[in-house]
Amino acid sequence: MAPQTGFQAGFGLEGEHSRCYSAAIIPVEQNGVQVLRFCETGVGRQVAAMVKIIGCAAALMAIPFSAPAFAQAAADPAASGQSSYTINIGDELEIYVWGEERLQRVLHVLPDGTIAFPLVGQLKIQGLLPQAVEKLVSERLKSQYKGDVPNVTVTVRSAAGLSFSVVGKVRSPGSFAPGRFINVLDAVSLAGGPAEFANLDGVTIIRHKGDQLITFKVKLGSLFKGSTGGGVLDKNNIVPLVAGDIVVVP
């Protein structure tokens, strides 16, 4: 158990509340989880609330946090965008069932959007998230195990099915399949960059969503001109592309 740290505060009150008010906030461990325990003596609800707020802030700053926890958060796949990537035809996947070497495969998604996996059979996975494929494989494997199914991991090794088009005022318009995750800024760069008189603040992305086509605009002008001023970039303009997107540069 980690050493306990705490916060203590005392106030001398005047008038009708002439007694001292004191409080302590002490981190304790309950069922392996560190929590804060608040202890108070004295009178005055408003003062008690104030001490709780001040004390909680001080106690949280006093609790040591481990560096690996922050490193793990930084390495979270969600930060890289892969967790929101839907699987496309032609993608290369690695599927691994922990502790089962016979159930480790590198597969390509077939033109019909399916894969074949041992003990599972044919699976339709086009348009699914990797996490959804993990659950699907686990469900199909339940009949093969008496107890719990080992953890299943699905990784997109190559986004070969991620193809898109760039049209309009770019130097080399066309269709591209870079085999990696890409955003709209990368797409314009792959198309040779903007042509003369291109309106980079009016770039439009056309995307298929079910039976509909949706469009949204992004502003890339300041990025290509290098005039961001050293500030924080607006991530809403650095849109990740999905298969079938059409980028129009007017």
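Could you state the accessible area per residue of the range 96-250 in Å², with a 1.4 Å probe and every protein chain left in place? Don't jump to the answer; show the numbers that get you there.
Numbers: 8990 Å² over 155 residues.
About 58 Å² of surface per residue is accessible.
Find out how many positive minus negative residues lie around Phe164, taking Lys and Arg as positive, Asp and Glu as negative, among other residues whose Cβ is under 13 Å from that of Phe164.
Neighbourhood net charge equals 0.
Which of the peptides 208-218, 85-95 is most tightly packed, and how do the rest follow, judged by the mean count of other Cβ atoms within 10 Å per residue?
Those peptides, ordered most packed to least, come out 85-95, 208-218.
Could you tell me what a quarter of the Cα convex hull surface of the range 125-250 works out to, in nm² with one decimal place?
Details: hull surface 41.0 nm².
Projected area, direction-averaged: 10.3 nm².
With all protein chains present, how much of the accessible area of the range 107-250 (probe radius 1.4 Å) comes from carbon and sulfur, to the nearest whole percent? Could you put the intermediate results ahead of the total?
Working: 4320 of 8150 Å².
Carbon-and-sulfur percentage of accessible area, whole number: 53.
Just order 134-141, 182-189 by mean Cβ neighbour count inside 10 Å, highest at the front, would you?
The peptides rank, most packed first, as 182-189, 134-141.
The values are calculated or read from the model by the stated rules, or taken from the named source; none is laboratory data. Everything quoted here is computed from the prediction, not taken from an experiment. So basically every Cβ, Gly included, is an ideal-geometry build from the backbone, and we count neighbours across all protein chains shown. Just the protein is used for accessible areas: all its heavy atoms, side chains included, with ligands, DNA and RNA removed. Shrake-Rupley method; radii C 1.70, N 1.55, O 1.52, S 1.80 Å.
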